[in-house]
Structures are given as C-alpha cells and as structure tokens.
1. Cβ under 15 Å from residue 366's Cβ, residue 366 left aside: what net charge do those residues give with Lys, Arg +1 and Asp, Glu -1?
2. Roughly what angle does helix 232-249 make with the longest principal axis of the chain, taking Cα atoms, 0 to 90 degrees, to the nearest 10?
3. For residue 281, what is the net charge nearby, where nearby means another residue's Cβ is under 10 Å from its Cβ and Lys, Arg count +1, Asp, Glu -1?
4. For residue 220, what residues show an amide H to amide H distance below 5 Å, using hydrogens built from the backbone and excluding near sequence neighbours?
5. Which lysines, on any chain, are close to residue 384 with Cα under 23 Å apart, when same-chain ones fewer than 8 places away are left out?
6. Once ligands and nucleic acids are excluded and a 1.4 Å probe is used, how much of residue 181 is accessible, expressed in Å² to the nearest 10?
7. Under 5 Å between amide hydrogens, which residues at least 5 positions from residue 166 or on another chain qualify, with H placed 1.01 Å from N in the peptide plane?
8. Rounded to the nearest 5, what is the percent of antiparallel bridges among the DSSP beta bridges in the stretch 117-414?
Amino acid sequence: MALLLPGGIATPGLVWKQRRRASICKASAAPSPDPAWRTNVVSERAARSGVEIPRSIEECEAAVVSGNPPEAPPVPAKPKAPQGTPLVTPLRLSSRPRRNRKSAALRAAFQETTLTPANFILPLFIHEGEQDSPIGAMPGCFRLGWKHGLIDEVYKARDVGVNSVVLFPKIPDALKSATGDEAYNPNGLVPRAIRILKDKYPDLVIYTDVALDPYSSDGHDGIVREDGVIMNDETVHQLCKQAVAQAEAGADVVSPSDMMDGRVGAIRTALDEAGYHDVSIMAYTAKYASAFYGPFREALDSNPRFGDKKTYQMNPGNYREALLEVHADESEGADILMVKPAMPYLDVIRLLRDTSALPISAYQVSGEYSMIKAAASQGMLDEKKAVLESLLCIKRAGADVILTYAALQAARWLCGEK
Ligand code: PBG
C-alpha cells in the first residue's frame, strides 16, 4: 500500500502511479488501458508483495549485460501507403527541409518570427458623441465616444496586453476650415481624449496623428492654395502647433502622417523648444497614395473634396524613393519609421529594416482590414487564420510594431481566447 505522507506527497508505488496516470488522462476522452508490455516491467517481488520496489541500478545493468533487457514498446509498424502508390527508389537528397517541419513541437521550436500583443498599436476612432457609432466600411470598428466608449475599449485592449493606441478624431464639419486651425485647439477632441486616457491609465502609450485632414474643409492633409497646390511650409507651421498641443495634453508619440517635406525636423524643434524633449516622433516615412485608405476616410468623413493625395503621398510604383524619405526622417530626428500600407508593401518594410537601425512600424490600413473582414463574412477565408498570418508576415518582413484595427481581436486570439 502506498502511504500518503503529510503534505500530500505519496510514497512511490502502484497507487501513486495509478493516480498520476488518471490525472494525466483526465483531459482525454477515454483513459487508455496499460499497454501489454508495461505490465511485465513490474518485478517479481512487486508481484509477490503487491508493491513495486525499484531494482538497484546494478541489478538493472546486470540484466541487460546478461542479455535480458527489459521490454520496451515494439518498433512501430511502417505506416501503409494507399494502394496504387508508385514504388520508387528513395531520392538521394543531402537535405530534406521537411524533417524540421515534421511535428508541431519542431515547428514551434524553429519558428523565426512570433507575434505578441506588445507588438500591436490599436488605432481608435473617436467622436464627440456619447454613444459609439458603427463604421459601415469597417465591420467591428466604431467611432467611440471619447468619454465612455474610448475608455472601455482601451480597458479591453490592455486586458490582453495591448497597451499602445493611436487616436483619430471625427471632427464636426462646423469646426473644419481651410487652414485646419482646430488641429491645435488645446481643448479640442484629441487633447481632451488624451487627458482623460492618461488620467485613467497613466502608463498607456498614446500615439497621435499629425496631419490636417480631419480638420480641413478640403479633406487634404495640408493647406490648399487657390490653384489646388498643397502648401508645404505653411502646412508644416500648422503641424508643429498641432504636435505641441498633443504633447502638452500628454501624448507619448506624435506621428506625422501628412508627408510634407521637412516636417519631422520642424516638429522636433518645436517640441524641444516647448520642453517636450521626451515626446517621440513616429514618422510616416514611406506612406503611399493608396486605394486601401478608402474605409478610413469614410470613418472620419475625410475624403478629399477634390483631387487626390498624389502630390504628397508616394507613388505605389516606387521603391528607391523610400530611401530618400528614410534619410530625411532619420537625419531630422525621427524615433520610429513607418511603412504604410503594410501587406502590399512588404518589400518596402524589408528595405527600411535593412537600411535603418531605428524601430520600424507598419500600418495594416483600413482597406487591408476590411478585405479580410469582407472575405471572412462571405465564408471565403478563415478570419482568425488570415488575420494572424497577415500580421506575422508583416513582422517577418521587418516590422517591430504593427498598427492594426485587428489588434484587440488578434491579442485575444494570441492569449488563447476564442
Ligand atoms: C491621414 C491618414 C490617413 C490614414 C491615416 N492617417 C488617410 C489618408 O492619408 O488619406 C489612413 C489609415 C487607414 O486607411 O487605415 N493623414
């Protein structure tokens, strides 16, 4: 009989073994019976007394030396191939890469890239409303009320390890103007949202968007001249004021997404002069004039009133040109470089990764999100697998962090939730 010692530790013996087996098998549907070979292992003495007393090492070794090795499971039978499988001479291959993919454990051991919720930045749309309102083109995304919905959403994100957010405001038309001055109202929607978030969650990392489009009556990222030209230096002047207002409210990282020339350096100077040496700049370095921003512009009602953004955002056909932007943003003092969109521009992510020592971020934009959502809702794709694969691949391409509307859901999946 096995004895249960004080503290719940059982003496070695059959009862203990049975108990342990039972607990190991608990998870499986039916406990598997002892294989036949196993019963023979119990020594004669054990059989006599009913208690299994382990033999000494010497006894065990002697048995093996005298040609009586203990029994172990038999060599498994070769699995049968289906009838009709051609009989071939095995290929003489010096390497068979499939060996390292043979089992889930091997695959997990050799996985080069892994995702964690700490890699995600969750973009959040906010508005003045008290209720959250769904965004038609982005199923699962809402314009969140800055006082309640926003706070709840950030709570949920932090609960699964996503502690970084970036804010995008939906501004009432009456506050939009040609020069976008609402962008630096210290009591505007974004500064208020930053303050309430920092009040609730002091360690939350808050990124902000620096650009005029949500505030521009023209829906452009900069000031539009009479002849349609987007004015560079005058826009940069406004962006500096916007960045300082965001920093003052408590933003950790300001992110110029406007693509004006020289804005990173000017914003760095403005922040430093205002005493915000600790506020970082995430530069939208290689931001392309992309069709994949469509759903975002619906969310903010920020479609350009005329024309497109091709005189400031990059041409999707260009790769080398990204290097010019990298060098400019690095020399102007950017802390993080971004590529946007992400999936159609994986080569550009890799280019930045190999060119710069700075952290690289990638923005899986609204259109990328909505494509997966739409396909999944039609039963064409497995949403969980497609989302996690897309994010893993963006990271593999070289991104350290990923801005994605799927951040909360993906983090839940990574935490093992349904
Ligand atoms: C605007 C801005 C845009 C996005 C982020 N900041 C839209 C645009 O450039 O027109 C797009 C993000 C997305 O599509 O998810 N400065």
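The values are calculated or read from the model by the stated rules, or taken from the named source; none is laboratory data. From a predicted model like this one, the values you see are computed outputs, not experimental measurements. Positions of Cβ are backbone-derived with ideal geometry, glycine not excepted, and every protein chain shown enters the neighbour counts. The protein model used for the area step is the full one, side chains on, heavy atoms only, and it has no ligands, DNA or RNA in it. Shrake-Rupley method; radii C 1.70, N 1.55, O 1.52, S 1.80 Å.
1. Local net charge: +2.
2. Once rounded, the angle reads 60 degrees.
3. Counting the neighbours of residue 281, the net charge comes to -1.
4. Distant-sequence amide H within range of residue 220: 305.
5. Straight-distance partners of residue 384: 156, 340, 373, 395, 418.
6. Surface accessible to solvent at residue 181 totals approximately 60 Å².
7. 122, 124, 207
8. Taking every DSSP beta bridge with both residues in the stretch 117-414, the antiparallel ones total about 10 percent.
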